[in-house]
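For reference, the structure is listed below as structure tokens.
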Amino acid sequence: MFTRKSWKNLKIVASVFSTIALTQFLGANTSAQAADKLVVRYGALEESASLADLKKTVETGELPASLGTYTKRLNEQQRSFLVRGLKTRLPVNVVTLNRLLNTQLANTILNDISTVLDRKDQAGVQAIRSGLILAANSPQGLSALSFIDAYPSQNLEINVPQALKVARNLNMAFWRTQQFMLAINPRIDPRTTQQIRALDPTKPGSAQVEILNLNLNDEKRQRNIPVDVYWSTATNTDKPVIVFSHGYGSTRSDLRYLAKHLASHGYVVAALEHPGSNITANKGANSLKPQEFLARPQDVSFVLDELEKLNQTTDNPLKGKLATNQVMVVGYSFGGTTALSLAGGEFDISSLKQSCDQNAAKLTLVQGFLCVAKELPENSYQLRDQRIKKIVALNPATSFVFGETGLTKVQVPTLILTGSADDITPALSEQITSFAKISSPKWLAAAVGGTHLSVVDSELTDGAAGKTKLSFSSREVVGKKSADVRKYVKAITLAMAAQSTPEASKYSAFLTPDYAQISSTPLFPFRLLTEIPPAAMGLIPGN
């Protein structure tokens, strides 16, 4: 449905707008323009070039003199880059372009680009869409110049500071991530398709879910740990206990929909709250303490100890039903980091210190967050809990903290989920690179166009009555908009849990590239792989 050429074309189209900031933004080919006139504005400074001037640039290779204040600061390579962009014609028909523009990834990109255009109305995205479709339908086809000619405004006005900001979002790592997703587009096996159609893992089970609220106190560590235990009468020891570890600055209910889904199928889910990195702790200045990297895995181990006691407590509804030696941990964001450490991933603090110091001037947000751990006193930490037999890490943060070899020590089957438009824990540096280091059996699932909070319960992101609404940026795709992502997460997490049960073969088809393809929607293409194909290895940093 989405070809490599189509995504390359989208990259070029996006570059048309971004490179008008006159930076070496992407590394693709293109530039930006205006209907009759292109206006470039930086504060009070304004320069413009007519459509005729830009057409002349295509013929002569010389940038308009009227943009001299900007262009004189460019080197020859940058000038050539912009001229090539003006000359580029995109071989994409209207039908393909329209389908492409309706994906969530395109929506994210167009929303970003629309903020670059100075318009008095709020129709930036619609104007870009209209200009692209009309240009693609023109006799000369879609190009920078045909877009200018079709753009529904007298002038196309560019806000340079905002263009620079957008360029930081739509950077080379972002495009390499989208290219990586293309390289894992498999063919569907008809035999698997038959198995998939026999069962729908996104539907709730038949059991009625109940919730047991616990307030546990670890006296030794002086940590009070609230836990919500989701269970049903279908619970039995054939099914593993599942423990949820939430993200930084979040709550134990950030995956409530997933907990209910799993419990309806007979699993016991213990969603715990980490007191040193929950939504309350996040409100204080410098709230994250280095010790929290160790305390979180210890919280999970403590909760498992308490569940073992509960399993032997008379008159408790869960007595004798908890398989606490067959545990699956589901961790989201910082919780994904926690899950990886519990699975055997080793924190490499000496390597972390070196990476943080060497990259001090260019740390990403998540790298700066992880660098807090460099203050831990030991050189390395092994926090493996032998009761944990598999993990699901949703959008985990991994760069630096595990070093080069820490993740090679993960000892259990591991499923990692990534969102290609995640700018909090970016897919390439935080999930894809890490996945390559983990031993099989392993799965990498990807939501093309998914963002960091796309997997979070909609009650938390939509601010339902009586609930705490998490803060998020305008780039986050949440709530109803990301329902397809959460549906896919329900399916693959249930399938992962079932691999420890007599139903393993029944659910194995849902951990395949075929199911990812079949589950894909017009908004969200999904991908799944068990090994990174050679064609995609070159897109991973260090390869």
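The values are calculated or read from the model by the stated rules, or taken from the named source; none is laboratory data. Predicted, not measured: the structure shown is a model, and the values here were computed from it. So basically every Cβ, Gly included, is an ideal-geometry build from the backbone, and we count neighbours across all protein chains shown.
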Considering segment 338-352, residues that are more than 14 Å from residue 416 (Cα to Cα) and not aliphatic (A, V, I, L, M), and then whichever is farthest from the chain's Cα centre (by Cα), we arrive at 350
Of the numbered conditions (1) touching a strand residue (DSSP E or B) at 6+ places or on another chain (Cβ under 7 Å); (2) surrounded by 21 or more Cβ atoms within 10 Å (Cβ to Cβ), residue 224 fails exactly one; give the number of that condition. (2)
Would you confirm, using the coordinates I've provided, whether residue 400 is touching a residue at least 24 places away in the same chain (Cβ under 8 Å), part of a loop (DSSP other than H, G, I, E, B) and of a type outside the set (Lys, Arg)? yes
If residue 49 passes every condition in (1) closer than 24 Å to residue 154 by Cα; (2) at pLDDT below 80 but one, which one does it miss? (2)
If I go through segment 415-427 residue by residue, how many of them are of a type in the set (A, V, I, L, M) and either outside the structural domain of residue 449 (by TED's automatic domain parsing) or surrounded by fewer than 24 Cβ atoms within 10 Å (Cβ to Cβ) (or both)? 1
Hey, any hits in segment 428-443 for a residue that's part of a loop (DSSP other than H, G, I, E, B), within 18 Å of the chain's Cα centre (by Cα) and buried (at least 24 other Cβ atoms within 10 Å of the Cβ)? no
Check every one of the helices (runs of 4 or more DSSP H) wholly within segment 107-208 and list those with 2 or more residues that are buried (at least 20 other Cβ atoms within 10 Å of the Cβ). 124-136, 144-150, 160-169, 172-182
Applying the selection to segment 47-88, what residues are within 19 Å of residue 135 (Cβ to Cβ) and part of a loop (DSSP other than H, G, I, E, B)? 88
Take the residues of segment 457-474 that are of a type in the set (A, V, I, L, M, F, W, C) and out of contact with any Leu (no Cβ under 7 Å at 6 or more places or on another chain): which is modelled with the highest pLDDT? 464
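Consider residue 99 carefully, then state whether it is under 24 Å from residue 137 (Cβ atoms), surrounded by 14 or more Cβ atoms within 10 Å (Cβ to Cβ) and either among the charged types (D, E, K, R) or in contact with a Gly (Cβ under 6 Å, 6 or more places away or on another chain) (or both).
So residue 99 passes the test.
Every residue, every condition in (1) under 28 Å from the mean Cα position of the chain (by Cα); (2) hydroxyl-bearing (Ser, Thr, Tyr); (3) closer than 24 Å to residue 162 by Cβ; (4) at pLDDT below 80, yes or no:
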site: 65; (1), (2), (3), (4): no, no, no, no
site: 88; (1), (2), (3), (4): no, yes, yes, yes
site: 94; (1), (2), (3), (4): no, no, no, yes
site: 114; (1), (2), (3), (4): yes, yes, yes, no
site: 123; (1), (2), (3), (4): yes, no, yes, yes
State which residue pairs qualify: first residue modelled with pLDDT under 75 and inside segment 179-201, second residue in a loop (DSSP other than H, G, I, E, B) and surrounded by 15 or more Cβ atoms within 10 Å (Cβ to Cβ) in any location, beta carbons under 6 Å apart, and separation of 6 or more residues or different chains. 192/512
Which members of segment 158-183 meet the condition of being more than 21 Å from residue 524 (Cα to Cα) and either aromatic (Phe, Trp, Tyr) or touching a helix residue (DSSP H, G or I) at 6+ places or on another chain (Cβ under 6 Å) (or both)? 158, 160, 163, 164, 166, 167
Among the residues of segment 243-291, what is the count of those that are in a helix (DSSP H, G or I), modelled with pLDDT of 95 or more and surrounded by fewer than 22 Cβ atoms within 10 Å (Cβ to Cβ)? 3
Over 23 Å from residue 326 (Cβ atoms) and aromatic (Phe, Trp, Tyr), is that true of residue 257? yes
Taking the condition surrounded by fewer than 24 Cβ atoms within 10 Å (Cβ to Cβ), of a type in the set (Ser, Thr, Tyr) and in a helix (DSSP H, G or I), does residue 351 pass? yes
Whether any residue in segment 403-414 is at positive phi, at pLDDT 95 or above and either in the same structural domain as residue 300 (by TED's automatic domain parsing) or outside any loop (DSSP other than H, G, I, E, B) (or both) is what I want to check. yes
Looking across segment 35-46 at residues that are closer than 22 Å to residue 128 by Cβ and not basic (Lys, Arg), the single one that is surrounded by the most Cβ atoms within 10 Å (Cβ to Cβ) is 38
